[in-house]
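These notes concern the structure reproduced below.
FYI, it's all coordinate maths here, none of it is from the lab. Quantities reported herein were computed from a predicted structural model and do not represent experimental measurements. Cβ placement follows ideal geometry from the backbone for every residue including glycine, while neighbour counts extend to all protein chains displayed.
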Amino acid sequence: MDYNQYLDTALERLHEEGRYRTFIDIERTRGHYPHAVWRKPDGSEAPVTVWCGNDYLGMGQHPVVLDAMHEALDATGAGSGGTRNISGTNHYHVLLEQELADLHGKESALIFTSGYVSNWASLGTLGSKLPGCIIYSASDNHASMIEGIRHSRAEKRIWKHNSPEDLDRALSADDPGRPKIVAFESVYSMDGDIAPIAEIGAIAREYGILFHTDATQAVGHIPVDVQAMNIDILSMSAHKIYGPKGIGALYRRRSNPRVQLAPVMYGGGHEKGIRSGTLNVPGIVGFGEALRIAKRNMSKEVEKYREWTLQMQEQFEAELGDVYLNGHPTERLPHNLNISFSGVESRAVIVKLQDVAVATGSACTSAKVEPSHVIQALGCGDERAHTAIRVSVGRFNTDVEIDMSIDRIVSAVRELRRLSLSFA
């Protein structure tokens, strides 16, 4: 077989179909979010504003977290740290597990390279190993959960956004003897909606089935107790709580029921045989420090964030009109505001804004041009989804920046509406 010809043909097909994509070369600078340097192919440089990315609040730039990671590197070096293998378990690993246990009110968790991998590992392996398994997926689940379910090849049922009643209906319609998993996000990143976690957990217990939740957007922002909420499997990532990229965790219940996972990687048998490969010790240190800061500051930050997003919403409504909040009006993350401006495509707003970073969708699906499936799952319709932007506020923002962002967004929407034929 001529492998070069085969691969060249496949690449050419991608070009012809318009599916081959290239991405610009950018370099972020600590302390200057959301601004970065665009390094062009000709060797020149230009300033650029990064409007969508997993570090959309400069969360990877917390000075205390970075200092802790530097100290760990200086103290122990950058080599393999020992992660539940014959050489022992690294002390920083143990400290992180203690922080996770304290946060969740339960015992230690497995350490993964990200929450994405944690979701893929739990849903992909359990769904494939449990004979005849059915996975009940919320209609607006994160891409990592969707991929895990897809790779499991288990039967799938879709239930409505944050609707315990619809979940109960779906469960009652299936054979009670078949193994089942309920999977959903504790908090939805696009609109900030907080799910009725405890209520869904109670339904899972009533039916005697496994309950998996992606708590990446919840951990460090709202209280999460795996015991009180009847959670069997919980995934999380460090980078959503001002920790480093490339480190996440997966909690699995040890009893009543005991959750067993199949390996997602084979080899060294690390992490109790689930995920082979040594772990990133500085990342573990940064994760632990980020958890400590989040626990200490959670209640204080909630009030500040709520004040800012409410100010934004009220000024948008007063100055622009035809503005619609997407998601629950009160049961939502206070630092997340998802809002639609009638008559204005969200991507046009992003192009118009030169120094304010807003988003149209999850960073994990930002290579797609479709409207957010989360907003569509709310029943808002395609127009609301196409005109929705997400504004997020965070630990490093100031009152001056909030006022400036409101002014910039209002000006951009006014100008776009003036030019729009569909808005009068």
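Using the structure shown, list the pairs from 156/240; 129/240; 129/180; 240/304; 240/300; 129/160 with a Cα-Cα distance above 20 Å, or answer none.
Values: 156/240 28 Å; 129/240 30 Å; 129/180 12 Å; 240/304 18 Å; 240/300 18 Å; 129/160 26 Å.
In this structure, 156/240; 129/240; 129/160 exceed 20 Å between Cα atoms.
How large is the dipole of segment 3-49 about the Cα centre if only Lys and Arg carry +1 and Asp and Glu carry -1, each at its Cβ, rounded to the nearest 20 debye? Don't skip to the end; give the middle numbers.
Working: 7 positive and 8 negative charges, 61 e Å.
So the dipole magnitude of segment 3-49 works out to roughly 300 debye.
Relative to the current alpha-carbon distance between residue 351 and residue 98, full extension at 0.36 nm per residue lengthens the span by 86.6 nm. In this structure, residue 300 and residue 20 have a Cβ-Cβ separation that, at R0 = 41 Å, corresponds to a calculated FRET efficiency of about 0.30.
Take the eigenvalues of the Cα gyration tensor for segment 113-215, scale each by 5, and report the square roots as semi-axes in whole Å, largest first. Numbers along the way, then the final one.
Details: eigenvalues 71, 63, 23 Å².
Sorted largest first and rounded, they come to 19, 18, 11 Å.
Between residue 317 and residue 175, the modelled label-to-label distance comes to 5.1 nm, taking each label 7 Å out from Cα in the direction of the beta carbon. In this calculation the C-beta distance from residue 411 to residue 42 is compared with R0 = 30 Å, giving a FRET efficiency of 0.35. Residue ranges 19-29, 335-345 sort as 335-345, 19-29 when ordered by packing (mean number of other C-beta atoms within 10 Å per residue, highest first).
Peptides 382-392, 346-356 ranked from most to least packed give 382-392, 346-356, packing being the mean of other C-beta atoms within 10 angstrom over each peptide's residues.
Here residue 245 is the anchor, and the aspartates and glutamates within straight C-alpha reach of less than 16 Å, apart from those fewer than 8 places off in the same chain, are 27, 55, 67, 289.
Note on residue 396 and residue 49: the extension gain reaches 123.2 nm, defined as 0.36 nm multiplied by sequence separation minus the Cα-Cα distance. Here the Karplus relation 6.51 cos²θ - 1.76 cosθ + 1.60, evaluated at θ = phi - 60°, turns the backbone of segment 166-176 into coupling constants of 5, 4, 4, 4, 5, 5, 5, 7, 9, 4, x Hz, with x for every Gly and Pro. With a Cα-only, solvent-free Debye model of segment 3-49, what are the log10 I(q)/I(0) values at q = 0.15, 0.20, 0.24, 0.33 Å⁻¹? Rounded to two decimals, the profile gives -0.60, -0.72, -0.80, -1.10.
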